[in-house]
Amino acid sequence: MTISRDVARDLFVTGLKNAHATASQGKTMVQAQLNRLENYPEIEAKLHSHLEEKNAQLQRLETILDDLGENTSMIKDATLKTLGLLTSLSDAMAGDEIIKNTFATFALANYEAAAYRTLMVMGEAAGEIDAIAALEQSLMEETAMAAFIAEHLPATGMRFMQLRSQGLQASH
């Protein structure tokens with residue numbers, strides 16, 4: 001089966017706009033977590049570096065879209081930023097905020113990694129080979145974030161239970 005380059009390009013552009021909105025959501029979630037995190041220094045340090053990665057991912061996506069003569073979707077960006085903020089706010093009200101935030105960060109990092117993998121395939125089909133390296137960099141960052149969370153999940157859960165057992169602030 002052949003793939004129309006025009007169809008591939010349209011799908012690639014739509015995917016890039018969706019990825020930009022999702023990265024905006026992720027940035028909002030990371031910022032909200034950093035504003036409250038106090039008892040998990042390893043996670044805090046990783047979130048600081050991931051915030052820098054989020055900024056770079058957004059810039060890379062904007063550059064690719066600009067090179068294609070396209071813009072980001074302000075509606076998608078605003079909607080997903082709001083969703084990210086609402087998710088973080090609802091988690092902040094929970095007694096196990098760190099656990100919920102960890103799950104959300106893990107899920108979003110894996111979701112974004114899947115999106116970047118798919119975008120690389122679409123970009124190649126669309127003949128937009130110049131975009132692949134930037135997408136691959138973002139893929140590596142999200143894969144690394146997901147791996148970090150997975151690796152630290154047991155320790156985070158243990159720290160949460162230890163702090164809670166001592167009657168200390170454990171949720172964030």
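Miscellaneous remarks
- Tally, over region 36-71, of residues that are within 18 Å of residue 160 (Cα to Cα) and among the polar types (S, T, N, Q): 1
- Pairs linking a residue in region 98-109 that is on the phi < 0 side of the Ramachandran plot to a residue that is in a helix (DSSP H, G or I) and among the aromatic types (Phe, Trp, Tyr), with Cβ atoms under 9 Å and 6 or more positions apart or on different chains, are 98/160; 99/160; 109/148.
- Region 7-64, subset of a type in the set (Lys, Arg) and within 18 Å of residue 115 (Cα to Cα), residue surrounded by the most Cβ atoms within 10 Å (Cβ to Cβ): 54
- Residue match in region 37-58 (condition: within 21 Å of residue 110 (Cβ to Cβ), in contact (Cβ under 8 Å) with a residue 60 or more places away in the chain and hydroxyl-bearing (Ser, Thr, Tyr)): yes
- Scanning region 65-80 for residues that are modelled with pLDDT of 90 or more, exposed (fewer than 13 other Cβ atoms within 10 Å of the Cβ) and part of a helix (DSSP H, G or I) turns up 66, 67.
- Selected residue (criterion: nearest to the chain's Cα centre (by Cα)) from residues of region 1-29 that are of a type in the set (A, V, I, L, M, F, W, C), within 21 Å of residue 144 (Cα to Cα) and modelled with pLDDT of 95 or more: 23
- Criterion violated by residue 127 - all others in (1) part of a helix (DSSP H, G or I); (2) among the small types (Gly, Ala, Ser); (3) at pLDDT 95 or above satisfied: (1)
- Some residue of region 147-169 being over 14 Å from residue 26 (Cα atoms), part of a loop (DSSP other than H, G, I, E, B) and touching a residue at least 12 places away in the same chain (Cβ under 8 Å): yes
- Residue selected from region 130-149 under the condition of a type outside the set (Gly, Ala, Ser) and farther than 18 Å from residue 17 by Cα, by the criterion surrounded by the fewest Cβ atoms within 10 Å (Cβ to Cβ): 140
- Any hit, region 81-89, residues being at pLDDT below 90, under 12 Å from the mean Cα position of the chain (by Cα) and under 18 Å from residue 18 (Cβ atoms): yes
- Filter result for residue 120 (surrounded by fewer than 14 Cβ atoms within 10 Å (Cβ to Cβ) and either under 30 Å from residue 2 (Cβ atoms) or free of Cβ contacts under 8 Å to residues at least 24 places away in the same chain (or both)): no
- So residue 32, is it among the hydrophobic types (A, V, I, L, M, F, W, C), modelled with pLDDT of 95 or more and touching a helix residue (DSSP H, G or I) at 6+ places or on another chain (Cβ under 8 Å): no
The values are calculated or read from the model by the stated rules, or taken from the named source; none is laboratory data. Just so you know, these numbers come straight off a predicted model, no measurement behind them. Please note: Cβ atoms are built from the backbone with ideal geometry, for glycine as well, and neighbour counts cover all protein chains shown.
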